[in-house]
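S.K.: Input: one structure, supplied below.
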Amino acid sequence: MPSSSRAKPAAPVSTVILGTGSFAPAGVLTNAELSQRMDTSDEWIVTRTGIRERRIAGPGESTSDMAVQAAAAALADAKLAPAEIDLLIVATITPDLTMPATACMVQAKLGLPTTAACFDVNAACSGFLYALDTACAMIGSGRYRHALVIGVEKLSTIVDWTDRTTCVLFGDGAGAVVVGPSSKPDVGLLGTRLGALGENVELLYIPGGGSAAPATPESLKAGAHTIKMKGKEVFKLAVRVMEESARDILEQHGLRADQIDCVVPHQANLRIIEAIAQYLELPLDRFFINVGRYGNTSAASIPLALDEARRAGRIKNGDLTLLVAFGAGLTYGSALIRW
Ligand code: ACO
């Protein structure tokens, strides 16, 4: 049994993001390449989704490998050593193994202390916001000091590459943040709103492979272990729920939408982001958008975009950022951050 060396600081006033990092595998799959494999076209994909290309991890490149790369970059940005992390949460729907948690593999690969709490969160595309909120609450309790929160996916392993209605949408990647305590109540994670519409599970799910329908040769043959989605219904719900969640958190904090400097939305489809911008009456340039280069990377989408937005100078000290997500479950959430 490792001896616990966990610090017991007084409960901090708030939690701040101390660093961000991201990783995208080198393999690029363009719309033109997809068009050679199936009945689709660059024009169809770009017009309906805004996606031009996506990254695909190699066979030897696991979810935990990508998570480690993003986490190492976030630790370097935060100027913290792995030894200073006492909480690791990995948001993913594509764990290396069904059991144990990918967080344990990331812990070992990064050399985090054996006294660090490590677990996974499964909330699909809202997973990073669920994990971030959990980490901030745990740090806010005063019982943990520095958390690594990672959103990572190897969705290329769970899409049906013969189904043109879904496979063109998804990609692989990772993003990470380091979270720590702050004595300034008006800086850091100001608040979150999380929720779920569980009656809609079958709009977006993987029917086979779980305990309800364990893998059989027949289920494998039927492709039951890949993503099934009712695209039109998901689209409509995504727009409505993300808009409502954004309005809800703004109202909770007495803010108007035009006071947000940068919105970092879940990157599923450019048309979904455009619709939200329209409903919130915000210009599209207030949104950070990279869906064209990565497609939908589920739990990795927001932290990957957040890191790119910071590195591109789109988020500066003092800025107010709104994160808003929607995913399978159907889960949703929003978060407000003052930098
Ligand atoms: N290439 C060419 N044609 C296609 C393709 C394709 N890749 N995919 C579908 N089509 C065809 C359809 O077969 C259909 O043809 P038909 O009219 O002859 O039947 C036609 O294009 C229109 O299809 P629709 O499904 O009506 O297209 P739509 O405009 O709804 O766009 C899309 C589809 C892009 C999937 C859209 O519904 C969408 O983005 N939905 C939300 C998806 C999403 O965000 N999912 C993830 C959210 S949560 C998470 O991230 C896990």
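Taken together, the values in this text are just the output of simple stated rules run on the coordinates, not laboratory data. Remember, it's a predicted structure, so these values are computed and weren't measured experimentally. Glycine also receives a Cβ, built like all others from the backbone with ideal geometry; neighbour counts cover every protein chain displayed.
S.K.: Once phi is turned into ³J(HN,Hα) by the Karplus curve 6.51 cos²θ - 1.76 cosθ + 1.60 with θ = phi - 60°, what whole-Hz value does each residue of the range 281-287 show in order, with x for glycine and proline?
M.R.: Here the 3J(HN,Hα) series is 6, 10, x, 4, 6, 7, 9 Hz.
S.K.: Run the helix sum for the chain: -39,500 (n - 2.57) per DSSP H stretch of 4+ residues, divided by residue count, reported at 222 nm to the nearest 500 deg cm²/dmol. Please report the intermediate quantities before stating the final value.
M.R.: Numbers: 11 runs with 110 residues, N = 339.
Estimated from H runs of four or more residues: -9500 deg cm²/dmol.
S.K.: I've got another one for you. Given Cβ point charges of +1 (Lys, Arg) and -1 (Asp, Glu) and nothing else, what value in debye, to the nearest 20, does the dipole of the range 14-182 about its Cα centre take? Kindly include the intermediate steps, with their values, before the conclusion.
M.R.: Details: 11 positive and 17 negative charges, 72 e Å.
Dipole of the range 14-182, to the nearest 20 debye: 340 debye.
S.K.: Shifting gears a bit: What number comes out for the charge environment of SER62, summing +1 per Lys or Arg and -1 per Asp or Glu over other residues with Cβ under 13 Å away?
M.R.: So the surrounding residues net to -3.
S.K.: Looking at the range 187-289, which GluC sites (Glu not before Pro) are DSSP coil and have at most 16 other C-beta atoms within 10 Å of their C-beta? Walk me through the numbers before you get to the answer.
M.R.: Details: sites: GLU199, GLU202, GLU218, GLU233, GLU243, GLU244, GLU251, GLU274, GLU281; in loops: GLU281.
Filter output for the range 187-289: GLU281.
S.K.: If we count every other residue with Cβ under 15 angstrom of ALA108's Cβ, Lys/Arg +1 and Asp/Glu -1, where does the sum land?
M.R.: So the environment of ALA108 carries a net charge of -2.
S.K.: Something else now. Calculate one ³J(HN,Hα) per residue across the range 158-169 by plugging θ = phi - 60° into the Karplus curve 6.51 cos²θ - 1.76 cosθ + 1.60, and present them in order as whole Hz with x for glycine and proline.
M.R.: Each residue's phi maps through the Karplus curve to give 10, 8, 8, 6, 9, 9, 5, 6, 10, 5, 6, 8 Hz.
S.K.: On a full-extension model of 0.36 nm per residue, what is the gain between THR165 and ARG48, subtracting their alpha-carbon distance, rounded to one decimal in nm?
M.R.: 41.0 nm
S.K.: Still on this structure: Ranking LYS79, LYS154, LYS109 by Cβ neighbours within 10 Å, fewest first, what do you get?
M.R.: LYS79, LYS109, LYS154
S.K.: Just the Cα atoms of the chain: what Rg and Dmax do they give in Å?
M.R.: Gyration radius and largest Cα-Cα distance of the chain: 19.2, 60 Å.
S.K.: Then there's this: If the chain between GLN278 and SER41 were fully stretched, how many nm would it gain, using 0.36 nm times the residue separation less the Cα-Cα distance? Before the final figure, lay out each step's value.
M.R.: Values: separation 237, 0.36 × 237 = 85.32 nm, distance 2.75 nm.
Extra length available between GLN278 and SER41 comes to 82.6 nm.
S.K.: Separate question: Over the Cα atoms, compute the radius of gyration (one decimal) and Dmax (the largest Cα-Cα distance, rounded to a whole number) for the range 14-182, in Å.
M.R.: So, for the range 14-182, Rg and Dmax equal 17.2, 55 Å respectively.
S.K.: For the pair ALA222 and ASP319, what calculated FRET efficiency results from E = 1/(1 + (r/R0)^6), where r is the Cβ-Cβ distance and R0 = 41 Å, to the nearest 0.05?
M.R.: Once the sixth-power term is evaluated, E becomes 0.25.
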